[in-house]
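Note sheet for the following structure.
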Amino acid sequence: MARAFLSLILVTGLVAVASAGSAQTTDANRDAARDAFLRGQEAADSGRWADALREFEQAYLMSGVPTALFNAGMALRALGRHKEARDTFDRLIESHPDSPATEQARPLRDEEAARVAVLELAGLDPGAEYELRLDGRRLDVPVAAVTEVEVDPGQHGVSAEREGYETFTWEGRLTDGARERIEVVMAEIERQQTTEEGSSIAKSPILWIAVAVVVVGGAVGLGFWLAKDDGIEPAYDNVFRF
């Protein structure tokens, strides 16, 4: 039934793309948009949703026809990218409020929104700088006492890095619409080890032997130059200098 529904939207979308006015796009762009729309239809019919998404997005970019944007949302839905599907339907509703495609998109938008999961990162210091990553990709989100991150259902991994603290990591699987609270506990890196290492070096007999050699050598050198200054050691014109 979903395939039949999408096919209907595809057909009406072709008509809309073909009849788009010159105020929106040039004839060449309109033809290119229609070709992209047809390729998207073929890809959708064969279940190649990633290809369909690319073609529908291209068709919308060139024509501005709301049906192409609707179909892009349907492709995202089929791919399990529910967060992006919801956002695409939101964009359609906001940009084309009077389109018949928008009326079809409203319930689908709510369905997709209900499937989006949320990770709650608790325990972060809003005044500190963190590097947060979701599934290896850096997150550019404002840090709050509870930082919310929307994700699609499935397996995910989160990491948090802060200077002077050990890296925090979490892995888990989220179901449709799940809300997972993660307590981010980051242990401060021990500085005592560095202090102890410094103390042990200071107590090392090898170090003090080396210091004694340097001191004795310095004293000998000082005596040599003092004697030379007193005229005990003859001066030479051609001194090898380092």
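The values are calculated or read from the model by the stated rules, or taken from the named source; none is laboratory data. The model shown is predicted, which means the values in this text are computed figures rather than measured ones. Every residue, glycine among them, receives a Cβ derived from its backbone with ideal geometry; neighbour counts consider all protein chains shown.
For region 17-119, which fully contained helices (runs of 4 or more DSSP H) count at least 2 residues that are modelled with pLDDT of 95 or more and touching an Asp or Glu at 6+ places or on another chain (Cβ under 7 Å)?
Result: 27-45, 66-78, 82-95, 100-115.
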Practice task
Only residues that are over 26 Å from Met74 (Cα atoms) and in contact (Cβ under 8 Å) with a residue 40 or more places away in the chain: list them for region 118-153, please.
Solution key: Glu120, Leu121, Ala122, Gly123, Leu124
Completion exercise
Selection from region 100-117 of residues touching a residue at least 40 places away in the same chain (Cβ under 8 Å) and either in contact with a strand residue (DSSP E or B) (Cβ under 6 Å, 6 or more places away or on another chain) or within 25 Å of Glu180 (Cβ to Cβ) (or both) yields Ala114, Arg115, Val116, Ala117
Exercise for the section: State yes or no: is Asp135 surrounded by fewer than 16 Cβ atoms within 10 Å (Cβ to Cβ) and among the charged types (D, E, K, R)? Expected result: yes
Problem - Residue under evaluation Arg54, criteria (1) under 30 Å from Thr169 (Cβ atoms); (2) surrounded by fewer than 19 Cβ atoms within 10 Å (Cβ to Cβ), criterion not met - result: (1)
Exercise for the section: Kindly provide the set of residues from region 155-182 that are loosely packed, with under 14 Cβ neighbours inside 10 Å and in a strand (DSSP E or B), ordered by number. Expected result: Gln155, Gly157, Thr169, Glu171, Gly172, Arg173, Arg179, Arg181
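Does region 74-88 contain at least one residue that is surrounded by 15 or more Cβ atoms within 10 Å (Cβ to Cβ) and over 26 Å from the mean Cα position of the chain (by Cα)?
No - not one qualifying residue is present in region 74-88.
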